[in-house]
Structure formats: C-alpha cells, structure tokens
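Colleague: Quick one: the structure is below, questions incoming.
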Amino acid sequence: MESTRVDRWLWAVRLTKTRPDAAAACRGGHVRVNGKPAKPATTVVAGDEVRARVHDTTRILEVTRVIQKRVGAADAATCFIDRTPAPPPESAVPVARRERGAGRPTKRERRVLDRFRTGEH
C-alpha cells in the first residue's frame, strides 16, 4: 500500500481516538498536508508532512510508513517522525497564590502582596 486517506492514517497512528474525530479535525481546518489544508479524503504517502492540531498543540509529523489499520502504540510510533518543536519553557517567576476559599486578602496581606509585586522588600 503506497497511500491512504489522511483521516484513516491519523487514526491508525493513534493521533486521534476515533476515525470520525480525525475526519472532523480535517473538516475543521486543523489538519494540513504539505502546507495545504486537508480534507478527510486527502491522500498521504511516505515523505509527506502532516500538521495536525490535537489537544491545543500543533503536531508536525513526517510520514515514514503508510498504514490503514490501527496498530499498537509501539508500532504506530515507527510510522512517523515527530518534528514538533519543543514547547517554550515555563516562566520561572513565582506567582502569588492564595488558597481557594480564603476570601479577600486582609489589609496586611494586601501590603505584603503589593511589596512583592513592586519588588520592594
């Protein structure tokens, strides 16, 4: 098999939970093949670049092997090369948090928070 539908491939390599989810992602404009918006029936072949927005992150995958049946996670990982860039590091700046249900800060707590925010000690 040399090519398959993009919705079927996304489902087979376990990027989406169901095939209808993969088709809905294609129809919603969340999938691109080689930089072009993909319909569910768009074909993919080895060497294609697939960009899919899944769970609020855009995954960039290079197709290395075309499969049509859903396989185990270990086998599915061999069907693509993940070229997704690493997420940016979390900010190291501490954030003042209050316990949930603690109510409004007292006047003393507000002064402490204001000093913390302005950098005064």
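Colleague: Below 30 Å Cα-Cα, how many Lys pairs turn up in the chain? Only count pairs eight or more apart in sequence, or on different chains, if you could.
Modeller: On the way: Lys17/Lys36; Lys17/Lys39; Lys17/Lys69; Lys36/Lys69; Lys39/Lys69.
Count of close lysine pairs: 5.
Colleague: Please report, in debye to the nearest 20, how large the charge dipole of the range 8-66 is about its Cα centre when each Lys and Arg carries +1 at its beta carbon and each Asp and Glu carries -1 there. Walk me through the numbers on the way to the answer.
Modeller: Values: 12 positive and 5 negative charges, 34 e Å.
Here the range 8-66 has a charge dipole of around 160 debye.
Colleague: Another question, if that's okay. List residues of the range 34-64, by number, whose backbone nitrogen lies under 20 Å from a label position 7 Å along Cα→C-beta of Arg14.
Modeller: 50-64
Colleague: If you take the beta carbon distance between Asp21 and Ala102 as r and set R0 to 35 Å, what does 1/(1 + (r/R0)^6) give as a FRET efficiency, to the nearest 0.05?
Modeller: 0.30
Colleague: Further, regarding this structure: When a/c is below 1.5 the answer is rounded, else prolate if a/b is larger than b/c, else oblate, so apply that to the range 1-69 with a ≥ b ≥ c taken from the square roots of the Cα gyration tensor eigenvalues. Each step should come with its number before you reach the end.
Modeller: Numbers: a/c = 1.44, a/b = 1.23, b/c = 1.17.
The shape class here is rounded.
Colleague: Classify the range 40-80 as rounded, prolate or oblate from the Cα gyration tensor: take a ≥ b ≥ c as the square roots of its eigenvalues, call it rounded if a/c is under 1.5, otherwise prolate when a/b beats b/c and oblate if not.
Modeller: On the way: a/c = 1.57, a/b = 1.17, b/c = 1.34.
Taking the square roots of the gyration eigenvalues as a ≥ b ≥ c, the range 40-80 is oblate.
Colleague: Next question, about the same structure. Summarise the accessible area of the chain (1.4 Å probe, protein heavy atoms) by the percent that is carbon and sulfur.
Modeller: Carbon plus sulfur share of accessible area: 51 percent.
Colleague: How big is the charge dipole of the chain about its Cα centre, in debye rounded to the nearest 20, if each Lys and Arg gets +1 on its Cβ and each Asp and Glu gets -1 on its Cβ? Present the calculation step by step, with values, prior to reporting the outcome.
Modeller: Values: 26 positive and 14 negative charges, 150 e Å.
Here the size comes out at about 720 debye.
Colleague: Shifting gears a bit: Given a Förster distance of 25 Å, report the FRET efficiency between His55 and Asn34 from their Cβ-Cβ distance, rounded to the nearest 0.05.
Modeller: Computed FRET efficiency for His55 and Asn34: 0.65.
Colleague: Another question, then. For helix 107-118, what angle does its Cα long axis make with the longest principal axis of the chain, in degrees from 0 to 90 and rounded to 10?
Modeller: 60 degrees
The values are calculated or read from the model by the stated rules, or taken from the named source; none is laboratory data. Worth saying up front: this structure is predicted, and the values here are computed from it rather than measured. A quick note on method: Cβ atoms are made from the backbone with ideal geometry, for glycine too, and the neighbour counts reach across all protein chains shown. Surface accessibility is based on the protein's heavy atoms, side chains included, excluding ligands, DNA and RNA. Shrake-Rupley method; radii C 1.70, N 1.55, O 1.52, S 1.80 Å.
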